[in-house]
Each structure stands twice: as structure tokens, then as C-alpha cells.
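Structure first, commentary second.
FYI, it's all coordinate maths here, none of it is from the lab. Predicted model only: the values in this text are computed from it and were never measured. Heads up, the Cβs are rebuilt from the backbone with ideal geometry, glycines too, and the neighbour counts pull from every protein chain shown.
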Amino acid sequence: MNVETVAVKHETLVLEGCDGVGKSTLATRLACQHGFTITHSPRTPDHLDLVSRYRELLDKPGRLLLDRCFLSELVYGPLLRGRSRLTWTQAIDLAETVVSRNGVFLHLIAPPVVIQQRLLQRDGAAAGLDEISDLVTIYQRTFETLASYCPVETIDTTRLDLPSTG
């Protein structure tokens, strides 16, 4: 299924994937074309409760597009802090809330070398290819698990006509 069809069929979209894969660029396009309200989810400070934060976001009315979400905690948490601040039980419960909003998870992918080039263009710096490859693998495993509980569409952003956010 292509991303435009997904956007028409669902009231809630959750865009996830490695930094530099094109989440924010695609989110802006989908919001303009399909009337979604974008919520970008930056890192949540350690003292805040992630589950409550995402429950509040998911309780908002209307078409909602999450540009990064609680799934990133399952990927980046262990890498950055040695542990995730969310359990899989909590993540699945939140995922079910997304589904109850007629939602879908979009797993955005691109080859590591493309991700690295995008990060270099956008930020002037990027992780090494090994680190990016590890992130791609961890996201793949995370989405394989998640797909047992809710709808997941994988979108290769190199096949989309996405302008650079530079």
C-alpha cells in the first residue's frame, strides 16, 4: 500500500524510523495534503512519565500524525541510557490506543548510506555506517514484534519524492 492511500484510510499516523530517514519531511507533506495535525515528539526528559505523555497526545481529537513516538524509546533508550523507560507491555498498550483511533504505524526505511548522506546534508554530521546499520536493524526487530499487535506499513523513503529539509 502506498503512503497516500494509507493517509486517506487512517485518522492517526505514527511515523517512526532512524534519524534522517525522512519522518519530518513526510509528516509535513501528509499534514498539508490530508489535514493531519503534526506532533513532533522530541526526547522526553527523564523525570516525565512517557506513558502519560503519549496518552495525552493520543486523547486529542481529530486527525493526528505523530512524527516520532514512544517506539523510539524502545530503540534509542537502550542505546543512549542502557535501558528503555517503557516496557513492551506499555508500548503495546499505547499501540492499541493508536489502533483504536483508526491508526497505523509507518516504519520508514532507507539504506544506511542514504540516511548518513541525509544527516550530513541536514546536520553537517552523522553517525558511522555501522551505527546507522545497527539502528536500522533494531528498528526492523521492533516493528516485527509490533506487527503482531497492530497494523504496520513499511515505506521506503528513497522511493518517495521527498525534498531535502536541509
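How large is the Kirkwood hydrodynamic radius of the stretch 1-160, counting all unique pairs of alpha carbons, in Å?
15.9
Find the percent of Cα-Cα distances in the stretch 106-150 that exceed 18 Å, and round it to a whole number.
In whole percent, the long-distance tail amounts to 35.
Any idea how far apart ARG159 and VAL8 come out in nm if each label point goes 7 Å out from Cα toward Cβ?
For the pair ARG159/VAL8, the computed spacing is 1.8 nm.
Assuming R0 = 22 Å, what is the FRET efficiency of SER52 and ARG81, from their Cβ-Cβ distance, to the nearest 0.05?
0.70
Scaled to the compact-protein estimate 2.2 N^0.38 Å, what is the alpha-carbon radius of gyration of the stretch 68-117, rounded to two decimal places?
The reported ratio for this selection is 1.36.
What does the C-alpha gyration tensor say about the overall shape of the stretch 43-99? Classify as rounded when a/c is under 1.5, otherwise prolate if a/b is larger than b/c, or oblate.
prolate
Work out from phi, with θ = phi - 60° and the Karplus expression 6.51 cos²θ - 1.76 cosθ + 1.60, the ³J(HN,Hα) of each residue of the stretch 82-98, listed in order in whole Hz, and give x for Gly and Pro.
So the Karplus estimates, Gly and Pro as x, are x, 6, 8, 8, 10, 8, 5, 4, 5, 5, 5, 4, 5, 4, 5, 5, 4 Hz.
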